[in-house]
1. Could you check region 31-61 and list, in sequence order, the residues that are buried (at least 18 other Cβ atoms within 10 Å of the Cβ) and either within 15 Å of Val88 (Cα to Cα) or among the charged types (D, E, K, R) (or both)?
2. For Asp98, state whether it is at pLDDT below 90 and under 20 Å from Ile5 (Cβ atoms).
3. Got a sec? Which strands (runs of 3 or more DSSP E) wholly within region 1-97 have at least 2 residues that are of a type outside the set (Asp, Glu), touching a residue at least 24 places away in the same chain (Cβ under 8 Å) and more than 24 Å from Lys131 (Cβ to Cβ)?
4. In the list Ala33, Ala65, which residue meets the criterion of being in contact with a helix residue (DSSP H, G or I) (Cβ under 7 Å, 6 or more places away or on another chain), of a type in the set (Gly, Ala, Ser) and under 21 Å from Leu144 (Cβ atoms)?
5. Among (1) surrounded by fewer than 18 Cβ atoms within 10 Å (Cβ to Cβ); (2) modelled with pLDDT of 95 or more; (3) under 23 Å from Ser148 (Cα atoms), which single condition is Gln17 missing?
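The values are calculated or read from the model by the stated rules, or taken from the named source; none is laboratory data. This structure is a prediction, so every number in the text was calculated from the model and none was measured. Cβ placement follows ideal geometry from the backbone for every residue including glycine, while neighbour counts extend to all protein chains displayed.
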Amino acid sequence: MRVWIDADACPRAAKDQVIKFALKRKFEVVLVAGQSQVKPAFACVQLVVVPSGPDAADDYLVENAVPGELVICSDVPLADRLVKKGVVVLDPRGREFDERNMGERLAVRNLLTDLRDQGQMGGGQAAYGEKERQAFANTLDRLLTKLSRR
């Protein structure tokens, strides 16, 4: 089994949690980034730095992740592309993307983007704290268990 991480936008605590699970459960982690990053010194972790460009990391993830694998990302359009391909997708806050909620998630994302573009609201997510880290760990554990049974 392989877990892919959209590494540019993923909080370090979430990346560390995935690596902790990988060491325990013996699976590969692939960090995909558009800019150079420090690769954790574990054999189960691979770092792929894609050439810079709009959506280069996203395109790499869509081209290389396969059904039965998990991708960690917070990018809703990327998640939509992956879910349509049959890949399991989880955001770093513990929310799973799937066929049932993708339409709603895209609609909310587009609405918030429009409101920000019009100056009617500020941008950015809330801080990544213990509550988010725990929700992520719980959902990650559940999804990894489900995927390992396939």
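1. Within region 31-61, Asp58, Leu61 meet the criteria.
2. So Asp98 fails the test.
3. Passing ranges, in order: 2-6, 28-33, 45-49.
4. Ala65
5. Gln17 satisfies every listed condition except (1).
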